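Report on the following structure.
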Amino acid sequence: MAGGVAGPAALRPLLETVLTALAAGAERRGGPLAAGDPKALAAEVGHAVHAPQASLATLTELLAHGAADPADPACAAHLHCPPLAVAVAADLAAGALNSSLDSWDQAPAATVLETELLAELAALVGYQPQQAAGVLTSGGTESNLLGLLLARDRALRTPHSRPELDGVDLARRPRIYASRAAHFSVQRAAALLGLGERAVVPVAVDADQRLDPAALAAALAAGERDGETPVAVVATAGTTDTGAVDPLRRCAQLAAAHGSWLHVDAAYGGGALLSDRLAPLLDGLALADSVALDWHKFGWQPVAAGVFLVREAESYASLARRAAYLNPLDDEQAGYPSLLGRSLRTTRRADAFKLLVTLRTLGRAGLGALVDRCRELALAAAELVRARPELELHREPLLTTVLFRARPPAGAPAGRLDADRAGPDRCETDGLVSDRFNAELRRRLLAEGRAVLGRTELPAPVPGVTPGSVRLKLTLLNPHTTEADLARLLDTVVATARELGRA
Ligand SMILES: *Cc1c(COP(=O)(O)O)cnc(C)c1O
(Lines give C-alpha, C1' and ligand atoms only; values in the text may rest on other atoms or scores of the structure.)
Protein backbone atom coordinates (compact mmCIF):
# COMPACT_ATOMS: atom_id res chain seq x y z
CA MET A 1 0.00 0.00 0.00
CA ALA A 2 1.15 3.53 -0.77
CA GLY A 3 -0.12 5.09 2.47
CA GLY A 4 0.88 4.77 6.09
CA VAL A 5 4.33 4.90 7.62
CA ALA A 6 5.51 2.00 5.45
CA GLY A 7 3.92 3.37 2.26
CA PRO A 8 6.77 5.57 1.09
CA ALA A 9 9.25 2.71 1.45
CA ALA A 10 7.01 0.54 -0.73
CA LEU A 11 6.67 3.35 -3.28
CA ARG A 12 10.29 4.48 -3.54
CA PRO A 13 11.68 1.60 -5.64
CA LEU A 14 8.58 1.64 -7.82
CA LEU A 15 9.05 5.36 -8.41
CA GLU A 16 12.61 4.68 -9.43
CA THR A 17 11.27 2.13 -11.92
CA VAL A 18 8.68 4.57 -13.25
CA LEU A 19 11.15 7.44 -13.60
CA THR A 20 13.69 5.28 -15.38
CA ALA A 21 11.03 3.98 -17.76
CA LEU A 22 9.72 7.51 -18.42
CA ALA A 23 13.20 8.62 -19.43
CA ALA A 24 13.74 5.55 -21.61
CA GLY A 25 10.36 5.95 -23.31
CA ALA A 26 10.95 9.64 -24.03
CA GLU A 27 14.38 8.89 -25.42
CA ARG A 28 13.07 6.13 -27.66
CA ARG A 29 10.30 8.44 -28.89
CA GLY A 30 12.86 11.16 -29.63
CA GLY A 31 10.28 13.80 -30.53
CA PRO A 32 6.74 15.04 -29.92
CA LEU A 33 5.21 11.64 -30.72
CA ALA A 34 6.32 8.32 -32.14
CA ALA A 35 6.28 8.02 -35.92
CA GLY A 36 3.70 5.68 -37.42
CA ASP A 37 0.00 5.59 -38.08
CA PRO A 38 -2.73 4.57 -35.61
CA LYS A 39 -2.69 0.95 -36.83
CA ALA A 40 1.04 0.60 -36.22
CA LEU A 41 0.69 2.01 -32.71
CA ALA A 42 -2.29 -0.21 -31.92
CA ALA A 43 -0.28 -3.26 -33.00
CA GLU A 44 2.68 -2.27 -30.84
CA VAL A 45 0.54 -1.55 -27.80
CA GLY A 46 -1.54 -4.70 -28.28
CA HIS A 47 1.62 -6.77 -28.43
CA ALA A 48 3.24 -5.15 -25.37
CA VAL A 49 0.08 -5.38 -23.24
CA HIS A 50 -0.13 -9.13 -23.73
CA ALA A 51 3.60 -9.88 -23.57
CA PRO A 52 4.46 -12.31 -20.74
CA GLN A 53 7.03 -9.86 -19.34
CA ALA A 54 4.54 -6.94 -19.25
CA SER A 55 5.21 -4.99 -16.06
CA LEU A 56 5.24 -1.55 -14.52
CA ALA A 57 8.58 -0.92 -16.23
CA THR A 58 7.70 -2.13 -19.73
CA LEU A 59 4.22 -0.62 -19.75
CA THR A 60 5.42 2.76 -18.45
CA GLU A 61 8.08 2.87 -21.12
CA LEU A 62 5.41 2.00 -23.69
CA LEU A 63 3.12 4.74 -22.38
CA ALA A 64 5.91 7.31 -22.65
CA HIS A 65 7.09 6.10 -26.02
CA GLY A 66 3.55 6.21 -27.37
CA ALA A 67 2.63 9.56 -25.80
CA ALA A 68 2.13 12.91 -27.50
CA ASP A 69 4.30 14.86 -25.09
CA PRO A 70 3.37 18.52 -24.57
CA ALA A 71 6.82 19.11 -23.07
CA ASP A 72 8.21 18.84 -26.62
CA PRO A 73 8.13 22.23 -28.42
CA ALA A 74 6.74 20.54 -31.54
CA CYS A 75 3.69 19.23 -29.62
CA ALA A 76 1.48 22.31 -29.71
CA ALA A 77 -1.94 21.31 -30.97
CA HIS A 78 -4.34 21.62 -28.09
CA LEU A 79 -4.94 23.24 -24.73
CA HIS A 80 -2.75 20.41 -23.51
CA CYS A 81 -0.02 21.80 -21.30
CA PRO A 82 3.21 20.30 -20.04
CA PRO A 83 2.63 19.91 -16.29
CA LEU A 84 5.06 21.39 -13.79
CA ALA A 85 7.21 18.82 -12.00
CA VAL A 86 6.21 20.24 -8.62
CA ALA A 87 2.51 19.82 -9.48
CA VAL A 88 3.04 16.20 -10.55
CA ALA A 89 4.97 15.50 -7.33
CA ALA A 90 2.16 17.03 -5.27
CA ASP A 91 -0.36 14.94 -7.20
CA LEU A 92 1.56 11.83 -6.24
CA ALA A 93 0.95 12.69 -2.60
CA ALA A 94 -2.76 13.16 -3.29
CA GLY A 95 -2.81 9.77 -5.01
CA ALA A 96 -0.92 7.99 -2.26
CA LEU A 97 -3.23 9.29 0.46
CA ASN A 98 -6.35 8.81 -1.68
CA SER A 99 -8.32 11.48 0.16
CA SER A 100 -11.91 11.77 -1.05
CA LEU A 101 -13.66 15.10 -0.76
CA ASP A 102 -17.20 13.81 -0.31
CA SER A 103 -16.92 13.67 3.45
CA TRP A 104 -14.76 15.22 6.13
CA ASP A 105 -13.77 11.85 7.58
CA GLN A 106 -12.19 10.82 4.25
CA ALA A 107 -10.29 14.07 3.78
CA PRO A 108 -9.92 16.29 6.85
CA ALA A 109 -6.98 18.45 5.71
CA ALA A 110 -7.84 18.19 2.02
CA THR A 111 -11.31 19.60 2.79
CA VAL A 112 -9.78 22.69 4.39
CA LEU A 113 -7.11 23.03 1.69
CA GLU A 114 -9.72 22.99 -1.07
CA THR A 115 -11.81 25.60 0.73
CA GLU A 116 -8.74 27.83 1.20
CA LEU A 117 -7.72 27.45 -2.44
CA LEU A 118 -11.21 28.30 -3.67
CA ALA A 119 -11.28 31.46 -1.55
CA GLU A 120 -7.97 32.47 -3.11
CA LEU A 121 -9.23 31.79 -6.63
CA ALA A 122 -12.48 33.62 -5.90
CA ALA A 123 -10.43 36.69 -5.00
CA LEU A 124 -8.40 36.26 -8.20
CA VAL A 125 -11.63 36.32 -10.22
CA GLY A 126 -12.76 39.44 -8.33
CA TYR A 127 -15.44 37.83 -6.17
CA GLN A 128 -15.89 38.48 -2.45
CA PRO A 129 -14.29 35.30 -1.08
CA GLN A 130 -16.65 35.23 1.96
CA GLN A 131 -19.70 35.21 -0.32
CA ALA A 132 -18.41 33.01 -3.11
CA ALA A 133 -18.24 29.23 -3.27
CA GLY A 134 -17.05 26.62 -5.67
CA VAL A 135 -15.55 23.26 -6.26
CA LEU A 136 -12.78 21.47 -8.12
CA THR A 137 -14.09 19.79 -11.26
CA SER A 138 -12.89 17.44 -13.96
CA GLY A 139 -12.66 20.46 -16.26
CA GLY A 140 -14.56 23.02 -18.28
CA THR A 141 -17.13 20.48 -19.41
CA GLU A 142 -18.22 19.70 -15.85
CA SER A 143 -17.93 23.35 -14.77
CA ASN A 144 -20.17 24.49 -17.62
CA LEU A 145 -22.70 21.81 -16.73
CA LEU A 146 -22.67 22.88 -13.09
CA GLY A 147 -23.08 26.57 -13.97
CA LEU A 148 -25.98 25.87 -16.29
CA LEU A 149 -27.58 23.50 -13.75
CA LEU A 150 -27.62 26.21 -11.08
CA ALA A 151 -28.83 28.76 -13.66
CA ARG A 152 -31.64 26.41 -14.71
CA ASP A 153 -32.70 25.81 -11.12
CA ARG A 154 -32.87 29.54 -10.48
CA ALA A 155 -34.60 30.53 -13.71
CA LEU A 156 -37.26 27.83 -13.77
CA ARG A 157 -38.25 27.59 -10.12
CA THR A 158 -41.74 28.79 -9.15
CA PRO A 159 -43.55 28.85 -5.80
CA HIS A 160 -45.03 25.45 -6.76
CA SER A 161 -42.31 23.71 -8.64
CA ARG A 162 -38.56 23.23 -8.58
CA PRO A 163 -36.76 21.84 -11.61
CA GLU A 164 -34.35 19.71 -9.56
CA LEU A 165 -37.36 17.96 -7.98
CA ASP A 166 -40.08 18.13 -10.59
CA GLY A 167 -38.13 18.21 -13.85
CA VAL A 168 -38.09 20.94 -16.44
CA ASP A 169 -41.30 22.68 -17.49
CA LEU A 170 -40.60 23.05 -21.19
CA ALA A 171 -43.71 25.23 -21.57
CA ARG A 172 -41.54 27.97 -20.10
CA ARG A 173 -39.37 27.65 -23.24
CA PRO A 174 -35.99 27.88 -21.50
CA ARG A 175 -33.15 29.35 -23.57
CA ILE A 176 -29.39 29.60 -23.21
CA TYR A 177 -27.53 32.24 -25.23
CA ALA A 178 -23.98 31.46 -26.32
CA SER A 179 -21.82 32.60 -29.20
CA ARG A 180 -21.16 30.41 -32.21
CA ALA A 181 -17.56 30.12 -31.02
CA ALA A 182 -18.55 28.86 -27.55
CA HIS A 183 -17.43 25.38 -26.49
CA PHE A 184 -19.62 22.41 -27.55
CA SER A 185 -20.01 21.39 -23.92
CA VAL A 186 -22.65 24.14 -23.61
CA GLN A 187 -24.95 22.19 -25.96
CA ARG A 188 -24.05 18.96 -24.17
CA ALA A 189 -25.02 20.53 -20.85
CA ALA A 190 -28.33 21.76 -22.26
CA ALA A 191 -29.10 18.20 -23.37
CA LEU A 192 -28.16 16.71 -20.00
CA LEU A 193 -30.26 19.30 -18.16
CA GLY A 194 -33.37 18.30 -20.04
CA LEU A 195 -33.51 21.54 -22.01
CA GLY A 196 -32.38 20.01 -25.30
CA GLU A 197 -29.47 21.16 -27.41
CA ARG A 198 -31.82 23.37 -29.41
CA ALA A 199 -32.42 25.46 -26.31
CA VAL A 200 -29.00 26.98 -26.99
CA VAL A 201 -29.46 30.07 -29.16
CA PRO A 202 -26.33 30.62 -31.27
CA VAL A 203 -25.24 34.26 -31.18
CA ALA A 204 -23.23 35.76 -34.04
CA VAL A 205 -19.53 36.59 -33.63
CA ASP A 206 -17.40 39.32 -35.17
CA ALA A 207 -14.34 38.74 -37.39
CA ASP A 208 -12.27 38.07 -34.25
CA GLN A 209 -14.70 35.34 -33.11
CA ARG A 210 -15.96 37.52 -30.24
CA LEU A 211 -19.65 37.44 -29.37
CA ASP A 212 -21.41 40.36 -31.04
CA PRO A 213 -23.25 42.20 -28.23
CA ALA A 214 -25.78 43.74 -30.65
CA ALA A 215 -26.69 40.23 -31.81
CA LEU A 216 -27.02 39.09 -28.18
CA ALA A 217 -29.25 42.07 -27.37
CA ALA A 218 -31.44 41.27 -30.37
CA ALA A 219 -31.66 37.57 -29.48
CA LEU A 220 -32.60 38.30 -25.86
CA ALA A 221 -35.22 40.87 -26.96
CA ALA A 222 -36.71 38.44 -29.47
CA GLY A 223 -36.85 35.74 -26.80
CA GLU A 224 -38.63 38.07 -24.42
CA ARG A 225 -41.17 38.97 -27.11
CA ASP A 226 -41.81 35.31 -27.77
CA GLY A 227 -42.34 34.43 -24.11
CA GLU A 228 -39.12 32.46 -23.71
CA THR A 229 -37.28 32.15 -20.39
CA PRO A 230 -33.65 33.26 -20.49
CA VAL A 231 -31.86 30.69 -18.33
CA ALA A 232 -28.33 31.87 -18.94
CA VAL A 233 -26.01 33.86 -21.12
CA VAL A 234 -22.71 32.04 -21.62
CA ALA A 235 -19.75 34.27 -22.43
CA THR A 236 -16.39 32.79 -23.32
CA ALA A 237 -13.15 34.25 -22.03
CA GLY A 238 -10.68 32.63 -24.39
CA THR A 239 -12.33 30.53 -27.08
CA THR A 240 -10.74 27.15 -27.62
CA ASP A 241 -9.72 27.86 -31.20
CA THR A 242 -8.61 31.47 -31.28
CA GLY A 243 -8.49 32.63 -27.67
CA ALA A 244 -11.13 35.28 -28.35
CA VAL A 245 -12.59 36.98 -25.27
CA ASP A 246 -16.25 37.99 -25.43
CA PRO A 247 -17.18 41.50 -24.20
CA LEU A 248 -17.82 40.37 -20.61
CA ARG A 249 -19.07 43.68 -19.21
CA ARG A 250 -21.59 44.11 -22.00
CA CYS A 251 -22.72 40.49 -21.63
CA ALA A 252 -23.23 41.05 -17.90
CA GLN A 253 -25.34 44.17 -18.53
CA LEU A 254 -27.51 42.40 -21.09
CA ALA A 255 -27.93 39.30 -18.91
CA ALA A 256 -28.91 41.45 -15.93
CA ALA A 257 -31.37 43.50 -18.00
CA HIS A 258 -33.19 40.28 -18.90
CA GLY A 259 -32.96 38.69 -15.46
CA SER A 260 -30.59 36.04 -16.79
CA TRP A 261 -27.67 34.28 -15.16
CA LEU A 262 -24.25 34.99 -16.67
CA HIS A 263 -21.83 32.08 -16.83
CA VAL A 264 -18.33 32.85 -18.07
CA ASP A 265 -16.40 29.97 -19.57
CA ALA A 266 -12.82 31.00 -18.84
CA ALA A 267 -11.44 27.47 -19.21
CA TYR A 268 -8.63 28.83 -21.37
CA GLY A 269 -8.53 32.60 -20.73
CA GLY A 270 -8.60 32.18 -16.94
CA GLY A 271 -4.84 31.76 -17.12
CA ALA A 272 -4.61 35.45 -18.05
CA LEU A 273 -5.67 36.28 -14.48
CA LEU A 274 -2.17 35.26 -13.37
CA SER A 275 -0.52 37.98 -15.46
CA ASP A 276 -0.71 41.68 -14.66
CA ARG A 277 -0.28 42.39 -18.35
CA LEU A 278 -3.09 40.12 -19.58
CA ALA A 279 -5.59 40.20 -16.69
CA PRO A 280 -7.27 43.38 -18.04
CA LEU A 281 -8.48 41.29 -21.01
CA LEU A 282 -10.93 39.67 -18.59
CA ASP A 283 -12.40 42.95 -17.38
CA GLY A 284 -15.95 42.33 -16.14
CA LEU A 285 -15.36 38.72 -15.09
CA ALA A 286 -16.35 39.55 -11.50
CA LEU A 287 -19.87 40.39 -12.73
CA ALA A 288 -20.49 36.77 -13.73
CA ASP A 289 -22.80 34.63 -11.60
CA SER A 290 -20.49 31.68 -12.23
CA VAL A 291 -17.11 31.04 -13.78
CA ALA A 292 -15.29 28.01 -15.19
CA LEU A 293 -11.48 27.88 -14.92
CA ASP A 294 -9.17 25.09 -16.08
CA TRP A 295 -5.70 24.91 -14.62
CA HIS A 296 -4.81 21.84 -16.67
CA LYS A 297 -4.79 24.15 -19.69
CA PHE A 298 -3.18 27.54 -19.14
CA GLY A 299 -1.96 26.67 -15.62
CA TRP A 300 0.53 23.78 -16.02
CA GLN A 301 -1.32 21.25 -13.88
CA PRO A 302 -1.68 17.57 -14.64
CA VAL A 303 -5.26 16.63 -15.56
CA ALA A 304 -7.67 17.20 -13.84
CA ALA A 305 -7.62 20.69 -12.39
CA GLY A 306 -10.92 22.32 -13.30
CA VAL A 307 -12.45 24.93 -11.00
CA PHE A 308 -16.04 26.11 -10.79
CA LEU A 309 -16.94 29.25 -8.85
CA VAL A 310 -20.20 31.03 -8.06
CA ARG A 311 -20.38 34.63 -6.88
CA GLU A 312 -23.03 33.84 -4.24
CA ALA A 313 -22.74 30.62 -2.23
CA GLU A 314 -26.57 30.55 -1.87
CA SER A 315 -26.83 29.77 -5.59
CA TYR A 316 -25.80 26.25 -4.64
CA ALA A 317 -29.10 25.60 -2.79
CA SER A 318 -30.55 23.18 -5.33
CA LEU A 319 -27.48 20.94 -5.17
CA ALA A 320 -27.51 20.49 -1.38
CA ARG A 321 -27.71 16.84 -0.35
CA ARG A 322 -27.94 15.14 3.00
CA ALA A 323 -26.58 11.60 2.95
CA ALA A 324 -26.79 9.87 6.29
CA TYR A 325 -23.52 8.04 5.72
CA LEU A 326 -21.55 11.11 4.53
CA ASN A 327 -22.74 14.34 6.14
CA PRO A 328 -25.26 13.79 8.95
CA LEU A 329 -26.68 17.04 10.28
CA ASP A 330 -25.39 16.52 13.82
CA ASP A 331 -21.83 16.09 12.50
CA GLU A 332 -22.17 19.39 10.69
CA GLN A 333 -23.59 21.07 13.79
CA ALA A 334 -20.65 19.70 15.74
CA GLY A 335 -18.26 21.53 13.36
CA TYR A 336 -17.45 18.87 10.76
CA PRO A 337 -17.79 20.59 7.38
CA SER A 338 -18.94 18.83 4.20
CA LEU A 339 -18.32 19.71 0.57
CA LEU A 340 -20.79 17.12 -0.70
CA GLY A 341 -23.29 19.74 -1.88
CA ARG A 342 -20.71 21.55 -3.99
CA SER A 343 -20.11 18.82 -6.54
CA LEU A 344 -21.94 16.71 -9.09
CA ARG A 345 -19.64 13.89 -8.05
CA THR A 346 -19.52 11.88 -4.85
CA THR A 347 -16.02 10.34 -4.59
CA ARG A 348 -13.64 13.09 -5.61
CA ARG A 349 -9.83 13.29 -5.52
CA ALA A 350 -7.85 16.06 -3.87
CA ASP A 351 -7.12 17.90 -7.12
CA ALA A 352 -6.85 21.16 -5.22
CA PHE A 353 -3.63 20.03 -3.58
CA LYS A 354 -1.31 20.22 -6.60
CA LEU A 355 -2.66 23.64 -7.52
CA LEU A 356 -2.22 24.99 -4.01
CA VAL A 357 1.35 23.65 -3.87
CA THR A 358 2.05 25.21 -7.28
CA LEU A 359 0.72 28.59 -6.18
CA ARG A 360 2.85 28.50 -3.04
CA THR A 361 5.96 27.38 -4.93
CA LEU A 362 5.84 29.78 -7.87
CA GLY A 363 3.45 32.41 -6.57
CA ARG A 364 1.03 34.29 -8.82
CA ALA A 365 3.98 36.30 -10.12
CA GLY A 366 5.94 33.19 -11.04
CA LEU A 367 2.97 31.71 -12.88
CA GLY A 368 2.25 35.09 -14.46
CA ALA A 369 5.77 35.12 -15.89
CA LEU A 370 5.05 31.75 -17.56
CA VAL A 371 1.79 33.14 -18.96
CA ASP A 372 3.58 36.19 -20.34
CA ARG A 373 6.31 34.05 -21.85
CA CYS A 374 3.77 31.87 -23.69
CA ARG A 375 2.06 34.97 -25.04
CA GLU A 376 5.44 36.32 -26.18
CA LEU A 377 6.04 33.02 -27.98
CA ALA A 378 2.67 33.33 -29.73
CA LEU A 379 3.58 36.80 -31.00
CA ALA A 380 6.95 35.48 -32.14
CA ALA A 381 5.29 32.54 -33.91
CA ALA A 382 2.94 34.92 -35.73
CA GLU A 383 5.96 36.92 -36.88
CA LEU A 384 7.73 33.76 -38.05
CA VAL A 385 4.63 32.66 -39.99
CA ARG A 386 4.44 36.08 -41.64
CA ALA A 387 8.09 35.83 -42.65
CA ARG A 388 7.47 32.58 -44.59
CA PRO A 389 5.78 33.15 -47.95
CA GLU A 390 4.60 29.51 -48.02
CA LEU A 391 2.46 30.19 -44.92
CA GLU A 392 -0.47 32.52 -44.31
CA LEU A 393 -1.27 33.91 -40.85
CA HIS A 394 -4.95 34.05 -39.89
CA ARG A 395 -4.81 36.86 -37.34
CA GLU A 396 -2.57 38.38 -34.70
CA PRO A 397 -2.87 36.18 -31.57
CA LEU A 398 -4.68 37.51 -28.52
CA LEU A 399 -3.66 34.82 -26.00
CA THR A 400 -1.35 31.97 -27.04
CA THR A 401 -2.99 30.37 -30.09
CA VAL A 402 -1.74 31.08 -33.59
CA LEU A 403 -3.89 30.07 -36.57
CA PHE A 404 -2.34 29.81 -39.99
CA ARG A 405 -2.28 27.62 -43.07
CA ALA A 406 0.13 26.48 -45.72
CA ARG A 407 -0.51 27.74 -49.23
CA PRO A 408 -1.00 24.77 -51.52
CA PRO A 409 1.33 24.69 -54.53
CA ALA A 410 -0.26 25.59 -57.88
CA GLY A 411 -2.09 22.64 -59.41
CA ALA A 412 -2.66 20.67 -56.20
CA PRO A 413 -5.69 18.43 -56.64
CA ALA A 414 -8.98 19.11 -54.87
CA GLY A 415 -9.18 15.43 -54.10
CA ARG A 416 -11.75 12.74 -54.56
CA LEU A 417 -14.01 13.50 -51.60
CA ASP A 418 -13.90 17.22 -52.06
CA ALA A 419 -14.57 17.03 -55.77
CA ASP A 420 -18.13 16.02 -54.84
CA ARG A 421 -18.54 19.17 -52.80
CA ALA A 422 -16.81 21.47 -55.27
CA GLY A 423 -19.13 23.54 -57.37
CA PRO A 424 -18.23 25.05 -60.70
CA ASP A 425 -17.09 28.10 -58.75
CA ARG A 426 -13.32 28.59 -59.09
CA CYS A 427 -13.06 30.21 -55.65
CA GLU A 428 -14.78 27.31 -54.01
CA THR A 429 -12.39 24.88 -55.67
CA ASP A 430 -9.41 26.91 -54.42
CA GLY A 431 -10.85 26.70 -50.92
CA LEU A 432 -11.25 22.95 -51.11
CA VAL A 433 -7.71 22.53 -52.42
CA SER A 434 -6.38 24.54 -49.49
CA ASP A 435 -8.50 22.65 -46.96
CA ARG A 436 -7.46 19.26 -48.24
CA PHE A 437 -3.82 20.24 -48.48
CA ASN A 438 -3.64 21.52 -44.92
CA ALA A 439 -5.54 18.55 -43.52
CA GLU A 440 -3.11 16.18 -45.23
CA LEU A 441 -0.12 18.22 -44.16
CA ARG A 442 -1.11 17.90 -40.52
CA ARG A 443 -1.63 14.13 -40.83
CA ARG A 444 1.74 13.71 -42.53
CA LEU A 445 3.47 15.60 -39.70
CA LEU A 446 1.74 13.27 -37.23
CA ALA A 447 2.55 10.08 -39.14
CA GLU A 448 6.21 11.00 -39.43
CA GLY A 449 6.40 11.94 -35.77
CA ARG A 450 7.62 15.44 -36.66
CA ALA A 451 4.98 17.66 -35.09
CA VAL A 452 1.59 17.67 -33.44
CA LEU A 453 -0.29 20.67 -34.85
CA GLY A 454 -3.89 21.58 -34.21
CA ARG A 455 -6.39 21.72 -37.02
CA THR A 456 -9.66 23.56 -36.98
CA GLU A 457 -12.16 25.23 -39.25
CA LEU A 458 -13.12 28.87 -39.24
CA PRO A 459 -16.86 29.20 -38.69
CA ALA A 460 -17.25 31.86 -41.38
CA PRO A 461 -15.25 32.84 -44.48
CA VAL A 462 -12.78 35.63 -43.92
CA PRO A 463 -13.39 38.50 -46.32
CA GLY A 464 -10.50 39.37 -48.58
CA VAL A 465 -8.59 36.07 -48.42
CA THR A 466 -8.62 32.94 -50.53
CA PRO A 467 -11.51 30.74 -49.48
CA GLY A 468 -11.09 27.61 -47.44
CA SER A 469 -11.88 27.24 -43.78
CA VAL A 470 -9.32 24.71 -42.52
CA ARG A 471 -6.55 26.25 -40.45
CA LEU A 472 -3.57 24.81 -38.64
CA LYS A 473 -3.16 25.85 -35.06
CA LEU A 474 -0.33 26.28 -32.61
CA THR A 475 -1.46 26.39 -29.01
CA LEU A 476 1.65 27.59 -27.20
CA LEU A 477 1.62 26.55 -23.55
CA ASN A 478 5.23 25.54 -23.05
CA PRO A 479 7.21 28.42 -21.55
CA HIS A 480 10.48 26.54 -22.14
CA THR A 481 9.99 26.61 -25.90
CA THR A 482 12.36 29.06 -27.59
CA GLU A 483 12.00 31.25 -30.66
CA ALA A 484 14.55 28.97 -32.33
CA ASP A 485 12.31 25.95 -31.59
CA LEU A 486 9.40 27.77 -33.23
CA ALA A 487 11.46 28.66 -36.28
CA ARG A 488 12.54 25.03 -36.60
CA LEU A 489 8.94 23.84 -36.23
CA LEU A 490 7.68 26.20 -38.93
CA ASP A 491 10.58 25.22 -41.20
CA THR A 492 9.51 21.60 -40.74
CA VAL A 493 5.95 22.57 -41.70
CA VAL A 494 7.20 24.37 -44.83
CA ALA A 495 9.53 21.51 -45.81
CA THR A 496 6.75 18.95 -45.35
CA ALA A 497 4.35 21.12 -47.36
CA ARG A 498 6.90 21.19 -50.20
CA GLU A 499 7.26 17.40 -50.11
CA LEU A 500 3.50 17.03 -50.14
CA GLY A 501 3.23 19.47 -53.04
CA ARG A 502 5.71 17.42 -55.09
CA ALA A 503 3.99 14.11 -54.37
C1 LIG B 1 -11.25 22.98 -23.05
C2 LIG B 1 -12.46 23.82 -22.97
C3 LIG B 1 -13.62 23.34 -22.35
C4 LIG B 1 -13.73 21.91 -21.87
O5 LIG B 1 -12.92 21.73 -20.77
P6 LIG B 1 -12.43 20.26 -20.31
O7 LIG B 1 -11.46 20.58 -19.24
O8 LIG B 1 -11.82 19.64 -21.51
O9 LIG B 1 -13.62 19.55 -19.83
C10 LIG B 1 -14.67 24.21 -22.20
N11 LIG B 1 -14.60 25.46 -22.67
C12 LIG B 1 -13.51 25.96 -23.29
C13 LIG B 1 -13.50 27.36 -23.77
C14 LIG B 1 -12.40 25.14 -23.46
O15 LIG B 1 -11.32 25.61 -24.09
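Near the amide H of Arg175, within less than 5 Å, lie the amide hydrogens of Thr229, Val231, Ala232, all on another chain or at least 5 residues away, with H placed in the peptide plane. The 3J(HN,Hα) values that the Karplus relation (6.51, -1.76, 1.60; θ = phi - 60°) gives for segment 143-153 are, in residue order, 5, 5, 4, 5, x, 6, 4, 5, 5, 4, 5 Hz. Gly and Pro appear as x.
When Glu228, Glu428 are compared by accessible area at a 1.4 angstrom probe, the order from most to least is Glu428, Glu228.
The slack in the chain from Tyr325 to Ala68, taken as 0.36 nm per residue of separation less the alpha-carbon distance, amounts to 88.3 nm. Need one word for the chain: rounded, prolate or oblate. Basis is the Cα gyration tensor (sqrt eigenvalues a ≥ b ≥ c); a/c below 1.5 gives rounded, then a/b vs b/c decides. Oblate shape, in that a/c is at least 1.5 and b/c is the bigger or equal ratio. Going by accessible surface with a 1.4 Å probe and the largest first, Val402, Val5, Val86 read Val5, Val86, Val402. Accessible area of Arg173 (1.4 Å probe, protein heavy atoms only, ligands and nucleic acids ignored): about 90 Å². Note on surface exposure: Asp37, Asp330, Asp241 rank Asp330, Asp37, Asp241 by accessible area, highest first, 1.4 Å probe.
Is the shape of segment 73-155 rounded, prolate or oblate, going by the alpha carbon gyration tensor and its root eigenvalues a ≥ b ≥ c, with a/c under 1.5 for rounded and a/b larger than b/c for prolate? Oblate, because a/c is 1.5 or more while a/b does not exceed b/c.
Among rounded, prolate and oblate, which fits segment 99-350 when a ≥ b ≥ c are the square roots of the eigenvalues of its C-alpha gyration tensor, a/c under 1.5 means rounded, and a/b larger than b/c means prolate? Judged from the Cα gyration tensor, segment 99-350 comes out oblate (a/c at least 1.5, b/c at or above a/b). Simple rule: put +1 on each Lys or Arg Cβ and -1 on each Asp or Glu Cβ in segment 80-227, find the dipole, and look at Gln128, Leu101, Pro83; the Cα lying farthest toward the positive end is Gln128. Could you calculate the FRET efficiency of Glu224 with Arg360 from 1/(1 + (r/R0)^6), where r is the beta carbon distance between them and R0 is 60 Å, rounded to 0.05? Efficiency for this residue pair is about 0.80. Name the residues of segment 17-34 whose amide N is less than 19 Å from a point 7 angstrom out from the Cα of Ala54 along the C-beta direction? Answer for segment 17-34: 18, 21-22, 25.
Quote the charge dipole size of segment 269-398 about the Cα centre in Debye, to the nearest 20; the model charges only the Cβ of Lys and Arg (+1) and of Asp and Glu (-1).
Details: 17 positive and 16 negative charges, 76 e Å.
About 360 debye.
What is the dipole size for segment 99-350, taken about its Cα centre, with +1 at each Lys and Arg Cβ and -1 at each Asp and Glu Cβ, in debye to the nearest 20? Could the numbers behind the result be given before it?
Numbers: 23 positive and 29 negative charges, 100 e Å.
For this selection, approximately 480 debye.
Dipole of the chain, Cα-centred, from +1 at each Lys and Arg C-beta and -1 at each Asp and Glu C-beta, to the nearest 20 debye?
640
A Förster radius of 25 Å combined with the Cβ-Cβ distance from Leu92 to Val45 puts the calculated FRET efficiency at roughly 0.50.
Over the chain, what percent of the accessible surface lies on carbon and sulfur atoms, probe 1.4 Å?
Working: 13030 of 22840 Å².
Roughly 57 percent of what the probe reaches on the chain is carbon or sulfur.
The values are calculated or read from the model by the stated rules, or taken from the named source; none is laboratory data. If you're wondering where the values come from, they're calculated on a predicted model, not measured in any experiment. Note that we place each Cβ from the backbone using ideal geometry, even for glycine, and neighbour counts take in every protein chain shown. Remember, those area values only see protein heavy atoms, side chains included, never the ligands or the DNA or RNA. Shrake-Rupley method; radii C 1.70, N 1.55, O 1.52, S 1.80 Å.
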